[in-house]
Amino acid sequence: MNAESLPRSAILGYGLGDAANNVGWQMTNLFLTTYYLYLGMDPMLVADIFLGAHLFQALVYLVAGRITDRRDKDREGGLRRLVVVFGLPMMISVTLMYTIPAGAPMAVRIGWAIATYLLYQLLGALGGVPYGALLGAMTRDPDDRQRLAASRTFGGAAVGVILTFTLAPRVNDMDPSRLFLPVVAACCLLGSLGYLIMARTTRERYLPPAAPRTSLKEDLRLLVDNRPLLVVCLATLFMTNPVASLAPIVAKEVLTVGNPGLTGRITFALTLVGVLAGVVVAPCSPWLVQRLGKRGTWTLGGLMVIGSSLAFILVRSAWPAVACIALNGIGVQVITPCIWAMQADSVQYEQWRTGNGNTAGASMAALSITRQVGAAINGWAGPAILSFLGYRPGMNVAQDPALGANMRLAVGLVPAAMFTISVLLIRCYPLTEEVFGRISADLQAGRLQCQCSHIRQGTEHQACPEDPRSPHRGGKGTDACA
């Protein structure tokens, strides 16, 4: 193990952080809609609450980035401290969602629902940004960063698998007034334990250099000026893939037309594929990146989505179509770990380019906002496609073969077109493994020279050499000697 290598406990501990994040999300995904409807809320009102809260969270990410970059910088866990400080109250906020008094006036129920769901979105963003920034602070080794990204993907996916096969089948049999709250509270307690284990096993080995405080306008300009970050954000935005949200309808109305007995098995298979893809693929991500590079791995995943989406249009049998959807999900999971590792690399690039390495929060906020917008597009795209095609619940698609064919065409062409743009964008990502290796060497050399200056002269921080590639050109060094 070289000096840069991370212990296995740190890699697994980091993954537990996203497992904890996903516990909170799954508690809202599995139960919350059912709980709100049980309380008598109008379905359209529930949809409006969810949409408004997600837009609210997108704005909170800007604030979260600034808080993260202005944190206390120490090796005892400035970032980890923020994750725990916001993560534990977030788990409490999730539990509070299920304490709405059933006998209260409807206005009180709605107000309680809005307040607790907004609190969850607020704390989720404030804790999520430092969690993402922690990856880059733990190591500068590209292989270890990819292992951390894979562990993050695996941790979140593993929680999804466990809860899908333990709680999801029983949701409709539970009494919302008696069972939802204790089940959610127990899961949130386990999620809180995951945050504490993460804080115990991880360590911030690379502290950002001292830098002047920046304005919100300067933070927003970071997204435009930092080309690697801009490319990653845009490529992520075009990962529009409504296949998952449309899977149950596709199973019923397209894949099992003429054979309704297959509907249950096809629906289960699609659910299984969706939750297992991340668990199966994530451990392979470091191996793929070592051989193809991050850009090449993203391209491979995109081509898998494109190819499987086009194949879905052509196949006519149910199980080959399920295989296409499975390959689609695997392709997305091939890409996901690369997103986190590339974001961390963009912070190091910004330090090399400008001398300011204190941008992890702003960088993570920019990516989080992009992903939030992308999630909103994905949530909108499925129903929008069905509405555009003229589909209505209760329709007999078997009596309208053209509608079934158009549904198959849309479900295949939309992700194929979007991921084609995503792949073309990521081919413009400038930080190849060779380029990033040179940048890392430049930063490492600058830090070692500063250490030598301290040792030889016993003086304050010395200016680094006037190297046109140096991040410290033009005055006193700004890098913190670690």
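The test for being part of a helix (DSSP H, G or I), touching a helix residue (DSSP H, G or I) at 6+ places or on another chain (Cβ under 8 Å) and surrounded by fewer than 21 Cβ atoms within 10 Å (Cβ to Cβ) does not hold for Ala277. The numbered conditions (1) touching a helix residue (DSSP H, G or I) at 6+ places or on another chain (Cβ under 6 Å); (2) under 22 Å from Ala104 (Cα atoms); (3) among the aliphatic types (A, V, I, L, M) are all true for Leu45 except (1). A residue that is of a type outside the set (Ser, Thr, Tyr), buried (at least 17 other Cβ atoms within 10 Å of the Cβ) and modelled with pLDDT under 65 can be found somewhere in segment 384-398. For segment 118-225, the helices (runs of 4 or more DSSP H) that sit wholly inside it and include 3 or more residues that are modelled with pLDDT under 85 and crowded, with 17+ Cβ neighbours inside 10 Å are 142-166, 216-225.
Comparison of Leu88, Leu45 shows that the only residue that is under 23 Å from Met198 (Cβ atoms), out of contact with any Cys (no Cβ under 9 Å at 6 or more places or on another chain) and aliphatic (A, V, I, L, M) is Leu88. Hey, does segment 366-378 have a residue that's in a loop (DSSP other than H, G, I, E, B) and either at pLDDT 70 or above or among the basic types (Lys, Arg) (or both)? No, there is no match, as no residue in segment 366-378 is in a loop (DSSP other than H, G, I, E, B) and either at pLDDT 70 or above or among the basic types (Lys, Arg) (or both). All conditions but one from (1) under 30 Å from Val435 (Cβ atoms); (2) among the polar types (S, T, N, Q); (3) at pLDDT 90 or above apply to Thr68; the one that does not is (3).
The values are calculated or read from the model by the stated rules, or taken from the named source; none is laboratory data. All of these numbers come straight from a predicted model, not from anything done at the bench. With ideal geometry, Cβ positions are generated from the backbone for all residues, glycine too; neighbour counts draw on all protein chains shown.
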